[in-house]
Amino acid sequence: MAETHDSAQTKSTGTERRIGSRHPLGFDVTFHPRALHKKRRKSQRPRVATIVDFSLTGLLLRSAVDGHIQRGTQATIDAEGLHAVVQVERIEPTEDPKTVLYGVQFLSLDADFRRLIDEAVASPESKSRDWR
């Protein structure tokens, strides 16, 4: 079952920062960050990440802690033939010290990925877990 952590709420005001609604998922993808090193992008090793939830503008991913991933780090997401380029906008700790939540914003999506997200968001009564 997907984690229902509502990380979009700010700690101080408790207001929603996300433009669209969130949809829980719990689907594993490949998360491949590219860290900046001395004005060059250096590809890090790909890792498994779980999509906790998604919206029209981005994803909330749960993955292993990595000190090279910072706010502004760009990454590719691969999900069974679907591809997206994202940018890390926030990093939040979890109860497990070995994992964190990465809030990522879409920079580009392939057409099929965009269509699936649009359809899942447009029909919230459908099961978001079966978004593929």
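Of interest is the spacing of the C-alpha centroids, which for the range 46-83 and the range 106-125 amounts to 16 Å.
Taking each residue as 0.36 nm, the span from Ala111 to Arg45 lengthens on full extension beyond its C-alpha to C-alpha distance by 21.2 nm.
A short reminder: the numbers here are calculations on the coordinates, not readings from a lab. All figures in this text were calculated on a predicted structure; none of them were measured in a lab.
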